[in-house]
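S.K.: I'd like to ask you about the structure that follows.
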Amino acid sequence: MNNIFTVVYLMFLFGCFVASIFIVYHITRYSINKKSSTTMLILFISVLLLLIMFNLSVFKTLDLDKSFNFSSTLDNISGSSF
Amino acid sequence: MQKFEKFYFSGQHNGEIIIKIIRRHWFNILEQYFIVIGLLFLMLLSLQFLPMFFLGSTEMPVLIFAESFLAILIWIYIFIIWIDFYFDVWIITNERIVNIEQKDLFIRTISELRFDKIQDISIEIFGLIPTILNFGDIYVQTAGNTERFCFRNVPDPQKIKGLIMNMQTMVVKKDEAEIINRISPLLRGQ
């Protein structure tokens, strides 16, 4: 279960990464004022990195089997049917 | 005019001076941020009350993980809205009006209008909030073109209309003076 969740999570994270690349591209490419674009870039990237790092650290501590009781639920199902 | 010395837009001519940069009124972006504010409020509420009534100690990390992931999505969404607002711009220069229209991340149109092509300018302030906050639409009718040039939800439309009309008058007078300068030697020669 953990593996499936990891794959889904990484896919979502990749989607966020792609969206962030587009945002950075727009700010650097189309800005008409360098000062404001630099400020916004620093703000965007720094906060995004902080959020992603925090999210990754929380993800590492997660034990989904324990949190959602997947294994015990599966045991119960298999126990009741056989 | 010195205010916009450090500004530069793609396609700016040599010697072209930016006179005014107009973006939509701040209420327009605030309107879109209401969803974000609502979501942040819900996140804070859920962090405060869900653990008290529904969640045990094992589910708490899952909630924090979900909330922090939602925070990433909200942060990206905030910037997508900001890009839509910040890069949607009308630039009035001493030569023309440039309309750069940004829709989300992938649609961007640039059009321009020379002052001598302007035939008529009208403004429209529609609704209670636009009337109180003084923002609205400006429509510029051009010669030989059925489509109107539109500035949407811009602050103080009356003042911008006045500025465009002044610029048009100046450009037309300058053109007339240039024509007179050019043809006067020919007339004298005759």
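Each reported figure results from applying straightforward, stated rules to the coordinates on display, with no laboratory input. Given the structure is predicted, the values throughout are model-derived calculations rather than measurements. In this analysis, Cβ positions are derived from the backbone assuming ideal geometry, glycine residues included, and neighbour counts consider all displayed protein chains.
S.K.: Pick out which of B:Ile91, B:Ile123, B:Ile179 has the largest mean-square fluctuation in a Gaussian network model of chain B, springs linking Cα atoms closer than 10 Å.
M.R.: B:Ile179
S.K.: In peptide B:62-73, how many Cβ atoms from other protein chains are near each Cβ within 10 Å, on average?
M.R.: That average works out to 6.
S.K.: If you keep only loop residues by DSSP, which GluC sites (Glu not before Pro) in the range B:90-178 have at most 15 other Cβ atoms within 10 Å of their Cβ?
M.R.: On the way: sites: B:Glu95, B:Glu101, B:Glu112, B:Glu124, B:Glu147, B:Glu176, B:Glu178; in loops: B:Glu95, B:Glu147.
Passing both the DSSP loop test and the Cβ count: B:Glu147.
S.K.: Averaged over B:75-88, how many beta carbons belonging to a partner chain fall within 10 Å of each residue's beta carbon?
M.R.: Details: counts 9, 10, 1, 3, 12, 4, 0, 5, 7, 1, 0, 9, 6, 0.
Counting other chains' Cβ atoms within 10 Å and averaging over B:75-88 gives 5.
S.K.: Here is a further query. Say a site is exposed when it is one of the chymotrypsin sites (Phe, Trp or Tyr not before Pro), sits in a DSSP loop, and has at most 10 other Cβ atoms within 10 Å; what is then the longest site-free stretch of chain B? Don't skip to the end; give the middle numbers.
M.R.: Numbers: sites that count: B:Phe54, B:Phe106, B:Phe126.
No qualifying site falls inside B:127-190, the longest such stretch.
S.K.: Would you work out the relative contact order for the range B:48-190, in percent, from Cα pairs under 8 angstrom that are 6 or more residues apart?
M.R.: Relative contact order of the range B:48-190: 14 percent.
S.K.: Follow-up. When only Cα pairs under 8 Å and 6 or more residues apart are kept, what is the percent relative contact order across the range B:1-88? Can you show the working numbers first?
M.R.: Numbers: 27 pairs, mean separation 33.9, N = 88.
In percent, rounded to a whole number, it is 39.
S.K.: Let me ask something else. Sequence neighbours fewer than 8 away in the same chain don't count; with that in mind, list the aspartates and glutamates whose C-alpha is under 16 Å from B:Lys173.
M.R.: Once the sequence-local aspartates and glutamates are set aside, what remains near B:Lys173 is B:Glu95, B:Asp116.
S.K.: For each of A:Val8, A:Val58, A:Val47, count neighbouring Cβ atoms within 10 Å of the residue's Cβ, then give the residues from fewest to most. Before the final figure, lay out the partial values.
M.R.: Values: A:Val8 10, A:Val58 18, A:Val47 15.
Arranged by neighbour count, lowest to highest, A:Val8, A:Val58, A:Val47 become A:Val8, A:Val47, A:Val58.
S.K.: Straight-line reach from A:Lys35: which lysines fall under 21 Å, measuring Cα to Cα and dropping same-chain residues less than 8 apart?
M.R.: Cross-link targets: B:Lys3, B:Lys6, B:Lys20.
S.K.: Please check: in the Gaussian network model of chain B (C-alpha springs, under 10 Å), which one of B:Asn14, B:Asn99, B:Asn134 has the largest mean-square fluctuation.
M.R.: For chain B, modelled as a Gaussian network with Cα springs under 10 Å, the answer is B:Asn14.
S.K.: Still on this structure, I have one more. In debye, nearest 20: dipole of the protein assembly as shown around its Cα centre with unit charges on the Cβ of K, R (+) and D, E (-)?
M.R.: 1040 debye
S.K.: Per DSSP helix of 4 or more residues, -39500 (n - 2.57); summed, then divided by the residues of chain B. What does that give at 222 nm, rounded to the nearest 500?
M.R.: Calculated from helices alone, the mean residue ellipticity at 222 nm is -17500 deg cm²/dmol.
S.K.: Against the longest alpha carbon principal axis of chain B, how many degrees, from 0 to 90 and to the nearest 10, is the axis of helix B:26-53 turned?
M.R.: Once rounded, one gets 10 degrees.
S.K.: Need the list of aspartates and glutamates near B:Lys103 for cross-linking: C-alpha distance under 14 angstrom, and skip anything on the same chain fewer than eight residues off.
M.R.: Straight-line reach from B:Lys103, under 14 Å: B:Asp84, B:Asp88.
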